[in-house]
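Worksheet: one structure, shown below.
The values are calculated or read from the model by the stated rules, or taken from the named source; none is laboratory data. Remember, it's a predicted structure, so these values are computed and weren't measured experimentally. Every residue, glycine as well, gets a Cβ built from its backbone with ideal geometry; the counts of neighbours run over all protein chains shown. Accessible surface is based on the protein model in full, side chains and every heavy atom, while ligands, DNA and RNA are left aside. Shrake-Rupley method; radii C 1.70, N 1.55, O 1.52, S 1.80 Å.
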Amino acid sequence: MKKLYIVTILHNVGKFVLSVFLLSVLVFTVSRLAPGDPLYAFYGERVEKMSAAQQEEARERLGLHEPLVTQYGRWLRGAVRGDFGISYQYKRDVKEVIAARIGNTLLLGGLGFGLTFVLALFLGLFCAWREDRAADRIICAIGTVTSCIPEFWLSLLLLLVFAVWLGWLPGSGAYSVGKEGDAADRAVHLVLPLAVVVLGHLWYYAFQVRNRLLEEVRADYVLLARMKGLGGRQVLYRHCLRGAMPSYLSMMAVALPHILGGTYVVETVFSYPGIGTLAYESARYQDYNLLMVVSLLTGTLVIFCNLLAGSIGGRIDPRMRRHGGADGWEVKSR
Amino acid sequence: MDVLTVKDLSVSFYRPEGETEALKQVSFSLREGEILAVMGETGCGKSVLCKSILKLLPDIARIKTGHISIRGEEITGYSEKQMQKLRGSFFSMVFQNPMTALNPCMTVGEQIGEAVRLRRPELSGRERRQRVAALMELAGLNPSKDRIRQYPFQLSGGMAQRCVIAIALAAEPAVLFADEATTALDVTVQAQILELFLKLRKRMGMSIVLVTHNPGVAAAVADRVALMRGGELFRIGDVEEVLEEIIHSHNLT
């Protein structure tokens with residue numbers, strides 16, 4: 001049993017490393033094949049005044065003249081040692097640039113994810129319980145409309161209403177100038193971006209919960225549960241939720257990077273200083289080193305969450321457990 | 001006194017396209033300790049009959065007319081709360097497909113245990129486990145530790161049906177509905193399950209409504225047979241009499 005467990009872990013680690021490696025190759029190649037000149041990121045407008053020889057020399061200094069394979073090899077050697085190069089745009093170590101921003105994104109994304117997770121479950125349960133009654137229909141209608149609104153437009157709409165017309169909430173940044181440490185000020189700045197993140201994702205997952213539950217409600221075992229003398233709501237909580245939870249948790253594990261990544265657009269609209277704005281800028285200015293790390297960071301998160309999703313599902317859904325799972329019973333072979 | 005009496009029961013399904021009459025003026029009574037086979041072709045209303053007595057029909061179905069009473073007490077107008085009490089104690093049911101009737105995400109022990117807890121909330125954890133083991137034994141399952149911790153997908157069809165039966169027995173019902181309880185099982189297991197029903201009737205003195213479309217099953221265990229067609233219950237009588245009539249009518253045509 002113990003041995004199998006270790007094998008499973010090794011198997012997953014292997015998959016993880018391979019996926020990250022392939023991702024790095026892909027991002028490296030695609031970013032360099034994309035049109036645009038990284039020298040702009042480094043020198044800005046000055047590039048246009050440089051002679052061809054100067055440009056050539058600058059390229060050589062940045063190592064951009066070598067063939068792609070060599071460049072990648074050099075990048076990989078550095079990356080393994082933890083050296084990801086410097087950002088062309090900020091002229092600082094990539095790690096520093098990201099470290100300065102990542103907290104903001106994690107705060108926004110983490111809160112957004114947490115709220116989405118809880119609210120979607122709650123809404124889904126409620127709608128499944130009130131299936132096809134007025135409350136369910138109203139929520140579904142609101143959800144359908146809201147989830148059709150693109151995030152950037154919803155952001156603009158909220159900005160217009162709450163920041164411009166009503167003036168209740170600040171419309172940009174993560175804090176007011178000079179109030180970096182003020183928690184209340186940060187919270188106020190979070191409201192609008194957070195609302196967009198949650199409203200943008202909530203409905204999809206709530207519908208998923210609702211529909212999964214309704215599928216379960218129509219299953220045969222519900223009749224048996226009701227024959228035991230359980231009421232409709234009890235069956236929903238005690239039986240159906242249990243059947244729907246594994247797929248919900250797996251789905252939310254996959255959704256984690258999606259929601260964190262979903263903050264990118266929102267960050268850009270609200271000029272929120274996070275990884276999202278950084279990703280956008282680095283792609284725009286061919287800031288290769290920065291783009292690599294930001295993409296890899298996001299990608300690693302996605303891959304990790306997917307693996308996590310699989311193992312979560314396997315852990316709580318007995319049907320998905322492998323031979324000799326944690327409990328140590330054998331799956332009967334047929 | 002009859003344990004269950006149904007009088008002039010009419011049930012309709014209301015869909016946007018219109019009304020569908022599923023039961024038309026069905027009347028019968030079930031005697032104490034009797035096994036009544038309800039027979040008829042697919043879609044004739046056998047299952048709807050069971051479910052409307054138990055009030056387990058979907059929202060679109062409504063009882064139009066008729067009376068249902070248990071031991072002389074009218075339950076037609078019972079609320080959902082009152083029905084819940086009856087379902088876990090007076091009535092119980094065994095379903096056609098045991099593999100889907102059990103919750104796939106709960107162990108055998110948990111599922112039987114839940115039924116026991118609902119019927120006898122006063123039992124302690126240890127007493128409850130003992131009761132679960134006793135019920136499993138009664139249903140012909142070996143109540144070993146491994147078995148209790150197994151999930152439905154690890155059971156064979158026959159074992160799963162025995163597990164459903166154990167759950168049904170946890171209610172200590174006066175009336176057990178067996179809705180095609182043996183149809184999905186292979187023939188030898190079918191015989192074992194039918195034998196189990198006979199044994200249980202003897203031990204617990206309960207009445208059984210056996211829904212089937214297999215005359216062999218009816219002949220093997222039933223005391224009386226009710227025949228249904230198109231939502232109507234058109235003939236009820238002793239098993240030999242009714243089955244003989246069927247044979248004759250088929251020979252004539």
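Data for the structure
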| item | result |
| --- | --- |
| Complex-versus-alone comparison for the range B:67-88, residues with a loss of 20 Å² or more in accessible area, probe 1.4 Å | B:Glu80, B:Gln84, B:Arg87, B:Gly88 |
| Distance between modelled label sites at A:Cys148 and B:Arg203, nm, 7 Å Cα→Cβ extension | 6.1 nm |
| Within chain A, helix-based [θ] at 222 nm, where runs of 4 or more DSSP H residues each add -39,500 (n - 2.57), nearest 500 | -24000 deg cm²/dmol |
| Contact order relative to length of chain B, as percent, for alpha carbon pairs under 8 angstrom and 6 or more apart | 28 percent |
| Under the Debye formula (equal points on every Cα, no solvent term), log10 I(q)/I(0) of the protein assembly as shown at q = 0.07, 0.11 Å⁻¹ | -0.63, -1.05 |
| Cut-off under 5 Å, modelled amide H: who pairs with A:Asp287 long-range | none |
| Between A and B, accessible area buried - total, square angstrom, nearest 100, 1.4 angstrom probe | 2800 Å² |
| Mean residue ellipticity (222 nm) of chain B, computed from DSSP H runs ≥ 4 via -39,500 (n - 2.57), nearest 500 | -12000 deg cm²/dmol |
| Accessible area in square angstrom per residue, chain A, 1.4 angstrom probe | 52 Å² |
| Distance in nm between pseudo-label sites at A:Leu18 and A:Lys3 (7 Å out along the Cβ direction from Cα) | 2.3 nm |
| Nearest-10 value in Å² for the accessible area of A:His11, using the 1.4 Å probe | 100 Å² |
| Virtual paramagnetic centre 7 Å along Cα→Cβ of A:Leu76, amide N under 18 Å, in the range A:1-41 | A:14-33 |
| Accessible surface ranking that places the most exposed of A:Lys91, A:Lys3 first, with a 1.4 angstrom probe | A:Lys3, A:Lys91 |
| GNM top mover of B:Gly158, B:Gly216, B:Gly140 - chain B, alpha-carbon springs below 10 Å | B:Gly216 |
| Within a Gaussian network of chain A (alpha carbon springs, distance under 10 Å), most fluctuating of A:Gly173, A:Gly78, A:Gly114 | A:Gly78 |
| Shape parameters for the range B:46-169, alpha-carbon atoms, Rg then Dmax in Å | 16.2, 49 |
| B:Glu19, A:Glu267, reordered so the largest accessible area comes first (probe 1.4 Å) | B:Glu19, A:Glu267 |
| Accessible surface of the range B:138-227 [probe 1.4 Å, protein heavy atoms]: carbon and sulfur percent | 53 percent |
| Square roots of five times the Cα gyration tensor eigenvalues for the range B:108-253, Å | 34, 16, 12 |
| Chain A - convex hull of alpha carbons, volume per residue in Å³ | 199 Å³ |
| Accessible surface, 1.4 Å probe, highest first, among residues B:Ile236, A:Ile303 | B:Ile236, A:Ile303 |
| Inter-probe distance in nm under a simple model that places probes 7 Å from Cα toward Cβ, at A:Glu48 and A:Glu66 | 3.3 nm |
| Amide H within-cut-off set for B:Phe177, under 5 Å, with H built and near neighbours excluded | B:Ser92, B:Met93, B:Val94, B:Val209 |
